[in-house]
Structure formats: C-alpha cells, structure tokens
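Step one of this worksheet: look at the structure below.
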Amino acid sequence: MAARNISRFWEWGRKIICVGRNYADHAKELKNAIPTEPVLFLKPPSAYVREGSPILVPLYTSNLHHEVELGVVIGKGGTSIQQSDAMDHVAGYALCLDMTARDIQDECKSKGLPWTMAKAFNTSCPVSEFIPKESIPDPSKVKLWLKVNDQLKQSGCTSQMIFSIPYLISYISDFITLEEGDLILTGTPKGVSAVQEHDELQAGIENVVTMTFQDQSEPPQPVPGQSGVT
C-alpha cells in the first residue's frame, strides 16, 4: 500500500473526535457546568470542508454558531496511550472550526439526546492546511482568534484549556483507538455567536496560519416523487 500523505489527512482520516467544554469561560457562557472529565462527541469525515468551499447552513437550524479550535492530527495510532508518550503520536496540527447548530443542540440537551444533528452535518468541520508539528513547539501556548465580517468574536489561548493535549490523547485512547489521520478538536474559547448566510468567517493561529470561509444556505433537497426522484 502506498504511504498516505498526512498533510492531506482530511482526504483519508477515519474520524474526528471532539472535546466539548474544554475552556471554562465557554462552558459558563452556555450555562454548562465545568466538566471534571472530558466531554467527547464525534464528527464523520464528511464534515470536513476546505478553504475555497462554503460552509453550508443546514436547513433545519436558525442558530448556527462558530467555534474556533486547535486541531491535533494523529500521526501514530494507539490504544491506552500514556500521557508521557502522547506527543509522540502527534504528527501536527490544524486550525479548525466546530460549526454547531445551537438551537438543535439545546433541544437535544433538553431531551437527553445525542448532539449528532447539531454537530456532525456536512461542512461542520472547516480545516486549514496541515501545520507541521515543529511549527507549534508548545501547543499549550497557542493563541486563537476568529472574526465575523471583520469583527473580532473569539480570542483565547490553549493555556486556558481545562484538559491538556497529552491528557486528552491518553484519555481518548482508553476508549477509542486512535488511528493515523484522526483529528482531535480540543475545544473552543468563549465568544461563540450566531452566523448568517453570506457572513465571512476569518480565523487564525497567531503567527502561524489564517483561513477564511463564507456561509451559504444548504440547497433545497429534492422531494421524493418529483422530478423523477423516487
């Protein structure tokens, strides 16, 4: 088998593992309790979208939120990874957005249901170019920011995370085997807010990378039995 190009992990990586409420101020702004252990959820690879393509706003939400995050790209898989060895499993990083249908998430939470419809829809995980590991020598001191229509909405640092990257890698691998090409989203700082169709989202990691996306309404779905659709 030909070697896979880790710098294009979004083309072949098998899963996106997301960490919720990993910044205390973000948990507080959504009136959530500060977690005592990581809150995990998943996105499928179909959630990936790259710069130059739009973020599609699902037809079923009227309150789509941005969440800027540092993504960790796994280069060496493993199960029950020790914290002391965790960074050996990291190939690099990516700047990511966790797009969230907040109204749907709130409804799911109120009913005790999973967040899948709120978090896992197509284009819900915009990602930057792959960032080599050596470009971020200390991932615990990464400054993240996000602007909507040139207005700063989010600004934070990974030093504010409740659970560190080595801890997250170790914790996740106790339950879910990590594989080469997997992406871990490490949580978002405070300042999340709603976005509308045609809004421009610009995000960055200070002195490392920036990316720009635009929101676009999801095209209407064909109705079964019309226009030859069965």
Name the pairs: first residue in the stretch 128-140 and in a helix (DSSP H, G or I), second residue among the hydroxyl-bearing types (Ser, Thr, Tyr) and open to solvent by less than 60 Å² (accessible area, probe 1.4 Å), Cβ to Cβ under 7 Å, at least 6 apart or on different chains?
Pro139/Tyr93; Pro139/Thr158; Ser140/Thr158; Ser140/Ser164
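Every residue, every condition in (1) within 15 Å of the chain's Cα centre (by Cα); (2) open to solvent by less than 60 Å² (accessible area, probe 1.4 Å), yes or no:
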{"position": "Lys141", "(1), (2)": "no, no"}
{"position": "Leu146", "(1), (2)": "yes, yes"}
{"position": "Ser155", "(1), (2)": "no, no"}
{"position": "Leu168", "(1), (2)": "yes, yes"}
{"position": "Tyr171", "(1), (2)": "no, yes"}
{"position": "Glu180", "(1), (2)": "no, no"}
{"position": "Ile184", "(1), (2)": "yes, yes"}
{"position": "Gly187", "(1), (2)": "yes, yes"}
{"position": "Ala203", "(1), (2)": "yes, yes"}
Farther than 16 Å from Met87 by Cα, open to solvent by 30 Å² or more (accessible area, probe 1.4 Å), aromatic (Phe, Trp, Tyr) and modelled with pLDDT of 95 or more: is that true of Phe130 in this structure?
yes
Please determine whether any residue of the stretch 100-108 is under 18 Å from the mean Cα position of the chain (by Cα) and polar (S, T, N, Q).
yes
Starting from residues that are in contact with a strand residue (DSSP E or B) (Cβ under 8 Å, 6 or more places away or on another chain) and in a helix (DSSP H, G or I), keep the ones in the stretch 27-79 and report whichever is farthest from Val127 (Cα to Cα).
Pro45
Among the residues of the stretch 19-54, how many are closer than 25 Å to Asn207 by Cβ, open to solvent by less than 70 Å² (accessible area, probe 1.4 Å), in contact with a Ser or Thr (Cβ under 7 Å, 6 or more places away or on another chain) and not polar (S, T, N, Q)?
4
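The values are calculated or read from the model by the stated rules, or taken from the named source; none is laboratory data. Just so you know, these numbers come straight off a predicted model, no measurement behind them. Neighbour counts run over all protein chains shown; Cβ positions are idealised from the backbone, glycine included. Side chains are part of the model used for accessible areas, which takes the heavy atoms of the whole protein and leaves out ligands, DNA and RNA. Shrake-Rupley method; radii C 1.70, N 1.55, O 1.52, S 1.80 Å.
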